[in-house]
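Novice: Have a look at the structure that comes next, please.
The values are calculated or read from the model by the stated rules, or taken from the named source; none is laboratory data. Values in this document were obtained by computation on a predicted structure and should not be read as measured data. Here the Cβ positions follow ideal geometry from the backbone for every residue, glycine too, while neighbour counts run over all protein chains shown.
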Amino acid sequence: METKRDIRKQMLCARDRLTDREWETYSDRITEQVVSHPLFVQAKEIWCYVSMGKEVCTEQILVSALRAGKRTAVPKVTGKREMKFYYIESLNDLETGAFGILEPKEEKKGADCCLEKSDLLMLVPGSKRSDFSRRFVRSGGKKDRIWRRILRHVSSENGRMPYVWTCV
């Protein structure tokens, strides 16, 4: 029987073997599905990771959210085991941060965790989802623990879990 770690490794290897053209095609298809989905359309806020490497490209998702007038937030590493979301008004509000990942500039306002479930759509990176829609990212390391802490914090602030969409 394959373990979660084995499946995760297979998924990431398959993703990394994509040609640039395949990656772009898949990212475009996923972007279209995301921005046309009722959860995206109805959300007042979009919290989305900024992609790197062969992750699903989130640039157009972020641009679509901003153009639609949605409050848009992206994560920033703020400590050894800490990551917080900050609002952006354009992609120009991003700069290279920890691990070479684009992050919001220092002066950006922190995102409000106290939102109703129907107001927030969170897009998180993932390599596999379980039958219970729980997220598994990378090797379950530091980044995974940080995402879990954010999800727990958001849900404990308002007593509800935001809609979460994982992207491979």
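Novice: Could you list all residues from segment 30-45 that are in a helix (DSSP H, G or I), over 15 Å from THR58 (Cα atoms) and hydrophobic (A, V, I, L, M, F, W, C)?
Specialist: Residues satisfying the conditions are LEU39, VAL41.
Novice: Any residue in segment 12-34 that's charged (D, E, K, R): show its pairings with residues that are in a helix (DSSP H, G or I) at Cβ separation under 7 Å, as long as the two are six or more apart or on different chains.
Specialist: Filtered contacts from segment 12-34: no entries.
Novice: Going residue by residue through segment 57-76, is there one that turns out to be among the β-branched types (Val, Ile, Thr), part of a loop (DSSP other than H, G, I, E, B) and at pLDDT 85 or above?
Specialist: Scanning segment 57-76 turns up at least one residue that is among the β-branched types (Val, Ile, Thr), part of a loop (DSSP other than H, G, I, E, B) and at pLDDT 85 or above.
Novice: Is it the case, given these coordinates, that MET52 is hydrophobic (A, V, I, L, M, F, W, C), part of a loop (DSSP other than H, G, I, E, B) and within 16 Å of VAL124 (Cβ to Cβ)?
Specialist: When the stated conditions are applied, MET52 passes them.
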